[in-house]
Amino acid sequence: MQIKWDDFFPLVKLHCDGVAEPLLVMAIRAAAIVFCTETLAYRADLDPSDILAGVAEYALDPPDLGTRIVAPVYVAVAGREIDALCEEQMPRGWRARGAGQAQGYLRMTPQLIRLHPVPDTDIARGLFVRAGLAPVRGADEVEEELLETHGETIAHGAAARLFEIPRKAWSDMQLSAYHQQLFERGLSDAKVRVRKGDSTADLRVAMKGPIIDDDAKRVYFTGDGKPKLTTLAMATQGEGTNYPLASRPLGIPAPDSSDDKHPLLADPKDRESLLQILSRDDLIALKIDKEKSPRSLAENLAKMLAKSGESLLVEEVLRANTLEEKQAVVRKWQEMGRAANDR
């Protein structure tokens, strides 16, 4: 159901009263546009379109004159979801590729997508798109859902804009900054809710490690208790399909009275020898300069290891399956380091 902007007035006037109604409408509408553009929380299913053989590009029409398309969030061809593609990552000559069944789409503009490869078959009402929407600048109405679910966030955004206007009775830059902070917090919360689909499950976020061409294929992820690290081998080797099959928590174990429980970080004077089991790429990632003195290297490494723990050790340690094997690897390098120092 559509509502007027003045339905937001009570929420905004709690923070900023005495403002003329036209200014209130402008501030609320501007905040709502930013909210919808940033979060993609305002969505609608567009009317299905016919797919034509040999035609790659398709315009997306908003459901009404008061909205505009921000971005497609779901695209399906003949009932099958297809993936979003990035033009910068497409192979050379991709536009000249022969026709076939569409496997993905490129967003050419917010209102135009290109199917890839070019469809080779007519499909009546075969293109389905769900899109994120935002009100246009001249919109007089908006969906009631925005008020019911995100009204307070939009009100904070409107208040931040109003307090920012100079030389008014209500002008207050400190209050503007305060409400802007609450607005941005609401944006972040809404983005999480949109990605989770309002599910109560943990949101899992995964990212690749910082090392270019990392042979171990390290991935750091959250959403399953403590932040964890896994590698391609750890994640895929073994029985089962609940990937990753194995991982380990980031950080270092809690202190223990037994010195041999945590040999990898046991004695500060042995930290220098651990440099020998760091790969060149790991040293680069840690921004450790090999030309510095060993003492400086040891101190830097100790700090880095204290923050990041075992995740920074090279493959020789990562390949060690048992604690005893890891201890043996560390002892070997420690002995080599001591022998070098003795010389």
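Specify whether the C-alpha gyration tensor of segment 46-132 places it in the rounded, prolate or oblate class, a ≥ b ≥ c being the square roots of the eigenvalues: rounded for a/c under 1.5, otherwise prolate if a/b is larger than b/c and oblate if not.
The shape class here is oblate.
Calculate the FRET efficiency for Asp122 and Ala328 from the Cβ-Cβ distance with a Förster distance of 45 Å, rounded to the nearest 0.05.
0.10
State to the nearest 20 debye the size of the charge dipole of segment 1-151 about its Cα centre, where the only charges are +1 on K and R beta carbons and -1 on D and E beta carbons.
In total the dipole reaches around 680 debye.
Among Gln89, Thr109, Met26, pick out the residue whose Cα is farthest towards the positive end of the charge dipole of segment 17-120, where Lys and Arg carry +1 and Asp and Glu carry -1 on C-beta, about the Cα centre.
Comparing the listed Cα positions along the dipole, Gln89 ranks first.
Between Ala233 and Glu21, what is the FRET efficiency for a Förster distance of 51 Å, r being their Cβ-Cβ separation, to the nearest 0.05?
Step by step, r from the Cβ atoms, then E = 0.20.
What spacing in nm lies between the two simple spin-label points modelled at Asp215 and Gln101, each 7 Å away from Cα in the Cβ direction?
Placing both labels 7 Å beyond Cα along the Cβ direction yields 4.0 nm.
Is any residue of segment 75-91 close enough, with backbone N under 17 Å, to a label point placed 7 angstrom from the Cα of Met108 along the Cα-Cβ axis, and if so, which?
It comes to 84-88, 90, nothing else.
How big is the dipole moment of segment 46-132 about its Cα centre under a simple scheme where the beta carbon of each Lys and Arg is +1, that of each Asp and Glu is -1, and everything else is neutral? Debye, nearest 20, please.
Roughly 220 debye, rounded to the nearest 20.
What FRET efficiency do you get for Ala71 and Ala169 if R0 is 35 Å and r is their Cβ-Cβ distance, rounded to the nearest 0.05?
0.30
Which pairs, out of Lys191/Lys226; Lys4/Lys196; Lys13/Lys168; Lys196/Lys226, put more than 24 Å between their alpha-carbon atoms?
From the list (Lys191/Lys226; Lys4/Lys196; Lys13/Lys168; Lys196/Lys226), the Cα-Cα distance tops 24 Å for Lys4/Lys196.
Since every read-out is calculated from the coordinates, none of them should be taken as a lab result. Keep in mind that what you see is a predicted model, and the values were worked out from it rather than measured. All Cβ positions, even for glycine, are placed from backbone atoms using ideal geometry, and neighbour counts span all protein chains on display.
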